[in-house]
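Shown next, in structure tokens, is the structure this report addresses.
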Amino acid sequence: MSSPMPDEPSPPPVLILGGTSEANALGRALHEAAPHCPVVLSLAGRTRHPVLPPQTVSRTGGFGGADGLAAYLHANAIAAVVDATHPFADRISENARQAARLTSIPLLRLTRPQWSPREGDHWIRRRSEAEAVMALPRGARPFVALGSQHLAALSLRPDIRPVARMIEPPSGPLPPTIEIVFAKPAADAGAERDLFASLGVTHLVCRNSGGSASYAKIEAARGLALPVIMIERRSCDAETRTTTEIGEAVDWVLGHLRWAHPVSSRRSPTSVSDFALALPCAAMRDRAPRRFPSDEGSPMPTTILDRETLSVRAILEGIDAGAVTAEDAIAESARRISAGDADLKAFVHLAQSPRPAQQGGLAGVSVGVKDIFDTADMPTEMGSALYKGHQPRFDAPLVAMARSQGATIMGKTATTELASLDPTDTQNPAAPGHTPGGSSSGSAASVAAGFCAAAYGSQTGGSVIRPASFCGIAGFKPSFRLLPTVGMKTFSWSLDTAGLFARSVDDLALFAALLTGRELAMPALTDLSGLTLGFYRTSLDTRIEPEMAAALESLVALLEGQGARIVDVSEPAALEEGRQSHTALQGYEAARALHHEFHGAADRMGAKVRGILADGQTIDAVSYDAARRSARVARKAANALFESVDGLISASAFGPPPKGLGSTGDPTIAKLWTLTGNPVVNIPGLSTTDGLPLGISLITRFGRDARALAIASAIERTIAGRTGSVAGKV
């Protein structure tokens, strides 16, 4: 980062939550990379003699919880926060996460890599100090490397003879059975081994702090064949970006400083690449809505509103460049709906005189809302005669989020009855005479037809990914509960997931980022080399239609040609069982969520939803609980798949959209990832020899939604860079 000009405001400060060697290393690296970057290093009260990096200001002590930290961030115009605290400083990290959410200030977790067991190690993993202490056998002589403030659990075991090492006498009482050794930890494994042997140590109890400074005790235990009671870290928060690399942390900080403005000069953004901070609290409403860096690989088209489909990015960049106004964009969307929806039947209710908002990151973006989300200004009939004329009093939170960011709701899109399987009469603009899929039929069709730039859907089985595949557009089923489902008609409370549709994956990422305030619009990968993707193989492969199978094989060859490493990943038994448990889980919950409708007016319901609810009545609590257990095991197994791959690729449906409107297609292939909650992106761009759309799914680890969108966007661009996008010939 270059020095600021004399008349330029200084960059806003960065807060590092520290007290660790990683925090100091980051401070030094930031000073070297950007000498004029102001850094505040916050230290815990236990840091008695801090050594500060150059040009770093320190503060000591707590903030007063998450609210106090949020107030500090706002009052001091902090541009970004790096949580570089100890891996087990859980309370500080949780306060940082809450404060970042309250203020919309970006947060990075910088932590040291965990230790992993090596040959000769005997680890017994536990989740807490208390569990670790209870795992020791009677009469054990454990060396407890936890620090004086974490020894209280030893009082639970008067039958053991623990020994602990301290540098200074403790400030409070200790368990009476503990022996204290006053010494600094040795950096040499041999010295540690001699100490353990002289003390008659039988076990080592420690936390998986990671790093090299305190690893000698692990090596000593290995040399003496001592069991190690290892206290594991808590799993990382899915929303917080995490790194173990100082260089990556420096790049992240400088990237955020590039887009941030000091409080004295913050303003409403004038381009889609402005990065201002959106703060929800009343005292901060004068700040501008968050915007994200524009993707340099997507130049603005010269005829933004002449293209067949509307693009979120093209509209926003066109507005910023003065090539089009928000009023023009919304008027064009309304014109297209008026001219074409009588035939397409994507909408069931239209907003009266839709107008763009005067401000907001999504001003000028038209959105269709699936008619299972509550809207205060339009009926929410859920595709059912039972709810004819039903008028909610309030918007669902997801609808309110769109409006608050400036998006214009164009209307309510057609849904299968109660988001189940009874088909709508919505046409497929990408494949006339073929189903658009369901249950989010109207949402997918409205985007594919160019009526809206984006749309809301929902998925309990495959109701976002399948319609996106059938209509040739991008679809995003995010990690479970990333998007709120309050105010959305419940079918199955442990499966229902709100999702999004857009013209392309790039549009999806930008829309999702501006909608949620999360860092989901990461730059697309420009180089696939170094990327490892798993080709997901299951027992369902025999049902995949030939042209879809050929398209998948051709895509694999294309990606390998671009430098990606593709490996076969066979479905574990736990995931196959998980997919099978989906039916019982959904049926039991649907029978209870829709108990009133089924028992009060089953004769007025469609045959397919009525059948699902009738079957659900026969599922007892024992079977339901067994399905829940299978689902939990499947979720753990799903996470394990991503230890060796960056993502998985799979068919989004068994084939192209089936002919006719009598069915919405088979959702089976997509059900598994709804059950596990993993993020899934449908990648458009492939087609059969007859031109029917074929969609490919990209799946990543739970919580890695930004990664899923970035990889999917890179694959989409790779497909688009080749001509003749047909089955067997990508």
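A short reminder: the numbers here are calculations on the coordinates, not readings from a lab. Please read all numbers here as calculations on a predicted model, not as lab measurements. Backbone-built Cβ (ideal geometry, glycine too); neighbour counts: all protein chains shown.
Couple of notes before you dig in:
- Distant-in-sequence amide H partners of F535 (H built 1.01 Å from N, under 5 Å): V567, D568, V569, I649
- Global form of the chain, assessed from the alpha-carbon gyration tensor, a/c cut-off 1.5: prolate
- Estimated FRET transfer efficiency when R0 is 35 angstrom, pair D188-R481 (beta carbons, to 0.05): 0.15
- The residues packed around A607, meaning those with a beta-carbon under 15 Å from its beta-carbon, carry a net charge of -2 if Lys and Arg are +1 and Asp and Glu are -1.
- Partners for K671 among aspartates and glutamates (Cα-Cα distance below 13 Å; same-chain residues under 8 apart left out): D496, E576, E577
- Residues whose amide H falls under 5 Å from that of L174, counting only those 5 or more places apart or on a different chain, are absent, with hydrogens built in the peptide plane.
- Between T60 and R604, the contour length at 0.36 nm per residue exceeds the Cα-Cα span by 189.2 nm.
- Within the chain, percent of DSSP bridges classed antiparallel, to nearest 5: 35 percent
- 0 to 90° range, to nearest 10: angle between helix 65-75 axis and the chain longest Cα axis: 70 degrees
- For the stretch 679-685, Karplus couplings with θ = phi - 60° (6.51, -1.76, 1.60), whole Hz, Gly/Pro x: x, 9, 10, 7, 9, x, x
- Crossing angle, helix 607-617 versus the chain [Cα axis fit, 0-90 degrees, rounded to tens]: 30 degrees
- Evaluated with a Cβ-only charge set (Lys, Arg +1; Asp, Glu -1), the stretch 618-708 carries a dipole of roughly 300 debye about its Cα centre, given to the nearest 20.
- Cα gyration tensor shape for the stretch 352-401, rounded if a/c is under 1.5, else prolate or oblate: prolate
- Tensor-based shape of the stretch 123-231 (alpha-carbon gyration tensor, a/c under 1.5 rounded, otherwise prolate or oblate): rounded
- Rounded to 10°, Cα long-axis angle of helix 546-561 versus longest principal axis of the chain: 50 degrees
- Total charge dipole magnitude, the stretch 123-231, about the Cα centre, Cβ charges on Lys, Arg, Asp, Glu only, Debye to nearest 20: 280 debye
- Pairs spanning more than 25 Å between alpha-carbon atoms, out of K412/K636; K608/K636; K345/K659; K370/K636: K412/K636; K608/K636; K370/K636.
- Radius 11 Å from Cβ of R138, net charge of other residues (Lys, Arg +1; Asp, Glu -1): +1
- Cβ-Cβ FRET estimate between M166 and Q562, R0 fixed at 60 Å, reported to 0.05: 0.60
- R393, R632 arranged by Cβ crowding within 10 Å, fewest neighbours leading: R393, R632
- Aspartates and glutamates with Cα under 13 Å of K217, excluding same-chain neighbours fewer than 8 positions away: D121, D188, E192, D194
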